[in-house]
Amino acid sequence: MGSGNLHFDLTPLKHGGDLKRWSRLTNGVADDWLDLSSACNREPWPIPNIPNEEWHELPDQNVLYKAASEYFKVKPIAIGSGSQQFIEVLPVLFSANTTIKENARKIVKVPKIGYKEHAFAWKKWGFSVQSYEHLDELIDSTWFTAVVVNPNNPTAEMASVSTLEKLLIQVRSTSNNPIDGLEARHLVVDEAFMDATPEYSLLTNHIEDIALGNVWVMRSVGKFFGLPGARVGFLFAAHEYANSINNLIGPWAVATPALYLVAKALRDSKWQTCAREALSIRHQHFWQIIRPKLNTVFDSQAVRSNALFYTWQLDTEEETEQAFDWLHRVGIHVRRGECWIRVALPAMAEMDQLDKGLIRLIRGDGLKDLS
């Protein structure tokens, strides 16, 4: 229940990757649907056999810390149960030395269209959550914490180098100089979709800002590696925060088999190179063959893409709901938002099933009349 300005009784948010729920709702009909609702790699890292002893030992994160340091070229301060665990923990950390009334005066900026768990987490702890449409709005505006999802999910927008530079300058300039009676600013960057394009990561270009403090970067293996079920994420920030974060998380946040698997995945550089090449080939096929048909189904060409998904902007909620229903009728499950639909980039082996379903839809077959 809520207490004061705490809001722990909010209704949990819905997510993609929910085909099992739809299977229950449809009495098993959805079992045969093509599930493109979760924007995770549809050609995931191949799971090897897990030695039996990995199931019989308590988790020891040392091997994964070493593999992560090699992969990211910098050591994370914490390993947790996906980025989601850090999204939950940061508002708690920032509430540690303040009252709920003080939290309510602290402005947290989140993207208007973006991963909604960020806003949800800060709201639960009584912070004043405000949305922004464009990253440039954050420059020279007042905020205690700014959340940047880069690249954005679901808009696929990539933050420009110049905008990130300006935000980092603001964080640096206020680190030791409180403004408007608030503490130093914090920049939280969710890079869950960055692994396909690591050259744009703050970990590659601004590690010194992270080391100095007040810049937080989240990474995970759910998207590019296609391992959302492993529930493994990494947090990068100034070392001074390491004990606080890990004490909030508690011991054994990640299961021993998951630690074993993800360490192997991070060290599999051959697969990583092949996966990035395969994504490029799949995009070419999707853009040429699939995209025009989806433009017709959605009656929209307002589409943006990320390495792992495409998102169409639609005009109304009614049109969005209708298109979502049409796709279900031909066995295609996607992610629906507020006037947008996100379609995960299919595996190459899934392209034909998707193409045939869209052809059925466009031709009519008693489903959609495009005449």
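The values are calculated or read from the model by the stated rules, or taken from the named source; none is laboratory data. These figures come from a predicted structure and were not determined experimentally. Positions of Cβ are generated from backbone atoms using ideal geometry, with glycine treated the same way; all protein chains shown enter the neighbour counts. These area figures cover heavy atoms from the full protein model, side chains too; ligands, DNA and RNA do not enter into them. Shrake-Rupley method; radii C 1.70, N 1.55, O 1.52, S 1.80 Å.
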Which condition from (1) closer than 20 Å to Q84 by Cβ; (2) surrounded by 14 or more Cβ atoms within 10 Å (Cβ to Cβ); (3) aromatic (F, W, Y) is the one that Y260 breaks?
(1)
Assuming G126 fulfils every condition listed in (1) modelled with pLDDT of 95 or more; (2) in contact with a Gly (Cβ under 9 Å, 6 or more places away or on another chain); (3) at positive phi; (4) not polar (S, T, N, Q) apart from one, which condition is it?
(1)
Is there any pair with a first residue in the stretch 69-84 that is without any contact (Cβ under 8 Å) to a residue 12 or more places away in the chain and of a type outside the set (A, V, I, L, M, F, W, C) and a second that is open to solvent by less than 30 Å² (accessible area, probe 1.4 Å) and not in a loop (DSSP other than H, G, I, E, B) whose Cβ atoms are under 8 Å apart and which are 6 or more apart or on different chains, and what are they?
K75/A68
For the stretch 201-240, name all the residues that are in a helix (DSSP H, G or I) and surrounded by 18 or more Cβ atoms within 10 Å (Cβ to Cβ).
L202, L203, D209, I210, P228, A230
If you go through the stretch 114-136, how many residues are open to solvent by 60 Å² or more (accessible area, probe 1.4 Å), touching a residue at least 60 places away in the same chain (Cβ under 8 Å) and assigned to a loop (DSSP other than H, G, I, E, B)?
3
Members of the stretch 305-331 that are open to solvent by less than 60 Å² (accessible area, probe 1.4 Å), touching an Asp or Glu at 6+ places or on another chain (Cβ under 9 Å) and either of a type in the set (V, I, T) or more than 29 Å from E191 (Cα to Cα) (or both)
T320, A323, V330, G331
Would you confirm whether or not the stretch 1-22 contains a residue that is surrounded by 20 or more Cβ atoms within 10 Å (Cβ to Cβ) and not in a helix (DSSP H, G or I)?
yes
